[in-house]
1. Collect the residues in the stretch 45-63 that are part of a loop (DSSP other than H, G, I, E, B) and either of a type in the set (D, E, K, R) or in contact with a helix residue (DSSP H, G or I) (Cβ under 8 Å, 6 or more places away or on another chain) (or both), keeping them in residue-number order.
2. Restricted to the stretch 1-33, and to residues that are modelled with pLDDT of 90 or more and open to solvent by 30 Å² or more (accessible area, probe 1.4 Å), which residue is nearest to the chain's Cα centre (by Cα)?
3. Check the stretch 98-111 and report whether any residue there is open to solvent by 90 Å² or more (accessible area, probe 1.4 Å), modelled with pLDDT of 90 or more and in a strand (DSSP E or B).
4. Within the stretch 55-64, identify whether any single residue is open to solvent by less than 30 Å² (accessible area, probe 1.4 Å) and either at pLDDT below 90 or within 16 Å of V112 (Cβ to Cβ) (or both), and answer yes or no.
5. For the stretch 70-80, enumerate the residues that are touching a Gly at 6+ places or on another chain (Cβ under 9 Å) and either open to solvent by less than 50 Å² (accessible area, probe 1.4 Å) or in contact (Cβ under 8 Å) with a residue 12 or more places away in the chain (or both).
6. N86 is checked against (1) of a type outside the set (F, W, Y); (2) open to solvent by 60 Å² or more (accessible area, probe 1.4 Å); (3) modelled with pLDDT of 95 or more and fails just one. What number does that condition carry?
7. Just to be sure, is E36 open to solvent by 80 Å² or more (accessible area, probe 1.4 Å), in contact with a Lys or Arg (Cβ under 9 Å, 6 or more places away or on another chain) and at pLDDT below 95?
8. Can you say whether I94 is modelled with pLDDT of 95 or more and of a type in the set (A, V, I, L, M), as far as the supplied structure shows?
Amino acid sequence: MLLSTMISISASAQLQGKKFSANLEGIGKINLEFKEDSYELSTPAAVVLVKGNYKIEDKKITFTDTEGPIACQQNVKGEYEFEYNNGVLNLTLIEDSCPGRKSIGAVTWEEVD
């Protein structure tokens, strides 16, 4: 159990405090910022589109939106496998019934300052 907790903390630390950018089809350039246990999707002009919570277990990340003009319903979770290497984040859809959020897994996210 302790090893599992340590791995989970280590995985969360990989993304915490990082900000990524990608071009989403139909929307344009979007930023994805990971905070301690929450995330934000925003425009380059700092307009927040979605705020939510995330949880990482091993290489799986679960998103739950909490607010924003394009947020999914709060009880709808999205699960993705993630890979973060050399400043690039890829999210591969596992399961997500929110059609709008699925677009985050269809692009490559590049780390920005």
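The values are calculated or read from the model by the stated rules, or taken from the named source; none is laboratory data. Nothing here was measured: the structure is a model prediction, and the numbers come from that model. Backbone-built Cβ (ideal geometry, glycine too); neighbour counts: all protein chains shown. The protein model used for the area step is the full one, side chains on, heavy atoms only, and it has no ligands, DNA or RNA in it. Shrake-Rupley method; radii C 1.70, N 1.55, O 1.52, S 1.80 Å.
1. First, pick out the residues of the stretch 45-63 that are part of a loop (DSSP other than H, G, I, E, B): 45-47, 58-59.
D58, K59 - these are the residues of the stretch 45-63 that are part of a loop (DSSP other than H, G, I, E, B) and either of a type in the set (D, E, K, R) or in contact with a helix residue (DSSP H, G or I) (Cβ under 8 Å, 6 or more places away or on another chain) (or both).
2. E33
3. yes
4. Looking through the stretch 55-64, none of the residues is open to solvent by less than 30 Å² (accessible area, probe 1.4 Å) and either at pLDDT below 90 or within 16 Å of V112 (Cβ to Cβ) (or both).
5. Keep residues of the stretch 70-80 that are touching a Gly at 6+ places or on another chain (Cβ under 9 Å), which gives 70-72, 74, 78, 80.
Selection gives I70, A71, C72, G78, Y80.
6. (3) is the only condition that N86 fails.
7. On the way: open to solvent by 80 Å² or more (accessible area, probe 1.4 Å): yes; in contact with a Lys or Arg (Cβ under 9 Å, 6 or more places away or on another chain): no; at pLDDT below 95: yes.
Spelling it out, it is not the case that E36 is open to solvent by 80 Å² or more (accessible area, probe 1.4 Å), in contact with a Lys or Arg (Cβ under 9 Å, 6 or more places away or on another chain) and at pLDDT below 95.
8. On the way: modelled with pLDDT of 95 or more: yes; of a type in the set (A, V, I, L, M): yes.
Yes; evaluated as a whole, the condition is true for this residue.
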